[in-house]
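One structure below.
The values are calculated or read from the model by the stated rules, or taken from the named source; none is laboratory data. Bear in mind the structure is a predicted one, so any value in this text is a computation, not a measurement. No Cβ is skipped: glycine too gets one built from the backbone with ideal geometry, and neighbour counts run over all protein chains shown. Ligands, DNA and RNA are excluded from the accessible area calculation, which covers all protein heavy atoms including side chains. Shrake-Rupley method; radii C 1.70, N 1.55, O 1.52, S 1.80 Å.
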Amino acid sequence: GAATVTHRAPGGDTAFAVTVQNGAMPERIKALIYVARHEFYAVHRARLPKYNQYAKWYYGKKKEVGWCSVFTIWCANASGYNPVKEKTVESASAADVVLFREGQVGNQYDGFYKLDRFVAVPRPGYVVIYADMSKGYRTTHIAIVVEVADRGDGLYQVTTVEGNMSNTVKSYSYLYDSNAANNTVGVEKGRKLQKNMQQLPADEQTDPLIQYTLHTDHWSVFGFGASWQ
C-alpha cells in the first residue's frame, strides 16, 4: 500500500510518500549489489594475485586458492550482512535474507538446496552457480547477480559481478534461458545439464567494461541461490 510520512522540524514539516509492496528488494540486498558493483569498478579488471584482499580477509593466512566464493562472502560482509555457515541453518522464513559463509561453491549449493532456495529464475542479489557441461561438474563457479531483465518466454538478461575470473573481478552480461533450467539436475532422475546461455546481440553490447563473451563454450547456468524471496 501507500502512505505519507511527515517529518516535523522547527523549520517546517516535510512530507514523504512511501510505497510498500510484496516482493520488494530488501535493503541488505540493495547494499550487496552496491558493494559488488563498487568492487568491480574499483578493481577495474586489474590482475590480482591469488592471495588478494578478499582471500586475505577470509583465510587470514596466505592461501593461494580459487576465490570466487570468497568474493561473494566478502561482498556480503562489506554490505553489513553476516553470512552464515551452511551447517548452522536448517530452515528460513520467506522474509529472511540468507547468504552463506562457505569458501567452497559446493557448500553454497548445499545450503540453498537444503532451504529449497536453489531455483531456476534469477533475481538481483541472488548468487548464480555455473556448471561445466564438458565434465558434468555442477558447481564450477559462483557469482553475484546484480541486474536481471525479463525478456519474456522464460528468457532473461542476467548481469553479474564475479571474482576470480582471469585473476580479477569481472562483470558479465548474457542471455539465460530458464526453459533449459538445470537446477534439478542431480535431484530428478534422468535430468542432464543443458546449454542455457547465449551472448547478447552485438548492438546491445554497449559497456566497454562489461564482458559479453561467454565464459567458455561449455559452461551453463546450474541454478540460482535465492538469497531473498
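Can you tell me which residue within the range 96-124, out of those that are open to solvent by 60 Å² or more (accessible area, probe 1.4 Å) and among the basic types (Lys, Arg), is farthest from ARG37 (Cα to Cα)? That would be LYS114. Here LEU115, LEU155, LEU99 are screened, and the one residue that is touching a residue at least 12 places away in the same chain (Cβ under 8 Å) and under 14 Å from the mean Cα position of the chain (by Cα) is LEU99. Of all residues being part of a loop (DSSP other than H, G, I, E, B) and under 24 Å from ILE29 (Cα atoms) in the range 210-229, which is most open to solvent (accessible area, probe 1.4 Å)? Just the residue, please. Only one residue fits best here, namely GLN229. The residues in the range 179-209 that are of a type in the set (A, V, I, L, M), open to solvent by 30 Å² or more (accessible area, probe 1.4 Å) and in a loop (DSSP other than H, G, I, E, B) can be counted, and the count is 3. Residue count for the range 125-139 satisfying the condition of being part of a loop (DSSP other than H, G, I, E, B) and either touching a helix residue (DSSP H, G or I) at 6+ places or on another chain (Cβ under 6 Å) or open to solvent by 50 Å² or more (accessible area, probe 1.4 Å) (or both): 4.
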